[in-house]
1. At a Förster distance of 30 Å, what's the computed FRET efficiency of Asp152 paired with Lys270, Cβ-Cβ distance as r, to 0.05?
2. If the cut-off is 16 Å between C-alpha atoms, which lysines fall inside it for Lys113, apart from same-chain ones fewer than 8 positions away?
3. Using a/c under 1.5 as the rounded threshold, could you call the stretch 1-114 rounded, prolate or oblate? The axes a ≥ b ≥ c are square roots of the C-alpha gyration tensor eigenvalues, and prolate needs a/b larger than b/c, oblate otherwise.
4. When a/c reaches 1.5 or more, the comparison of a/b and b/c decides; with that in mind, is the stretch 70-119 rounded, prolate or oblate per its Cα gyration tensor?
5. Which of the residue pairs Lys171/Lys270; Lys31/Lys92; Lys37/Lys270; Lys153/Lys270; Lys92/Lys153 have a Cα-Cα distance greater than 19 Å in the structure shown?
6. Amide H of Glu47: which non-local residues (sequence gap of 5 or more, or other chain) have their own amide H closer than 5 Å, using H built in the peptide plane?
7. Looking at Ser32, Ala75, Ile8, which one has the Cα that reaches farthest to the positive end of the dipole of the stretch 1-118 (charges on Cβ: Lys, Arg +1; Asp, Glu -1)?
8. With a ≥ b ≥ c the root eigenvalues of the C-alpha gyration tensor of the stretch 31-170, is it rounded (a/c under 1.5), prolate (a/b larger than b/c) or oblate?
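Read the figures in this text as sums done on the coordinates, not as results from a lab. Everything quoted here is computed from the prediction, not taken from an experiment. No Cβ is skipped: glycine too gets one built from the backbone with ideal geometry, and neighbour counts run over all protein chains shown.
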Amino acid sequence: MTVTFPDITVGVLALQGAFSEHVQLLRLAAKSLEQRKAVHVKWGFIEVRTPQELATCDGLIIPGGESTAMALVAARSGLLEPLREFVKVLRKPTWGTCAGLILLAESANKTKKGGQDLIGGLDVRVNRNHFGRQVESFQTDLSLPFLGDAIDKDSSEPFRCVFIRAPVVEKVLPHREGIQAEEAEQDATVVAPAQTPADELAKEALQSEVEIMANISTRNTALQQNQEHEHAGNEDIIAVRQGNVFGCSFHPELTADPRIHVWWLEEILKAVQRRQEFVDRTVLSVS
Ligand SMILES: NC(=O)CC[C@H](N)C(=O)O
């Protein structure tokens, strides 16, 4: 069966940090999907700086950089609330890398004095700069179970993970089901009338728990060579997903490897398809 997708727009938040690198890898990922899986989609990859640009997106990447600076610029550009709505009410696929993961967490440690604004969406607490300062940055090959196939690289090959003043997920927080249910109900009635796709998807999202997607062992040689100190515990969580939100501690955008982007674009296709199914069901039940 062939599934036809409408044109799909994926945005990269372009307020600060490594946004153009993400756009390049998205283009490469789309080519990989076309060549390896014959998935033909008219993709639009855009840089997002305004609420109007965000409103055109079906999915969003928040890049690595400096989360405090990004949050400040987002607040000044009137993007903070639209971003929260995009992630937590409209439930569109959103992926944060490094600083992006911090912004998508519900809670963060070692924030600047007075705290910092977060977007939230992942029920986790992150520990900023977990591995130390800039000089303690490191790279290491890890095998990640969730890669797609690129043009010249199969999903089974290890992925080069670049950690620069990276955060880790230090705690999965209790699922805020009660609060979310209430919020979703209120928001769904504001954003869309009852029984619309947004409403259905918000309800579905309430059931999604935090999934741990990847860990790094504290025995990892690259990590140890760059560290003066041992970290508590044997494993640090470096990638998580909860429903439509995905975050990783490292920077795939600083490699030339599009395999996580390939996987994530496929996740967007699934989300668009499910949204379409809800629309069809709603139209059928109304007509
Ligand atoms: N490379 C990065 O994105 C670093 C993140 C940075 N430590 C922050 O707190 O935002």
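1. The calculated FRET efficiency here is 0.75.
2. Within the straight-line cut-off, Lys113 pairs with nothing.
3. The shape class here is prolate.
4. It comes out oblate by the Cα gyration axes.
5. Lys171/Lys270; Lys31/Lys92; Lys153/Lys270; Lys92/Lys153
6. Val12
7. The Cα lying farthest towards the positive end belongs to Ser32.
8. Because a/c hits 1.5 or more and a/b fails to exceed b/c, the stretch 31-170 counts as oblate.
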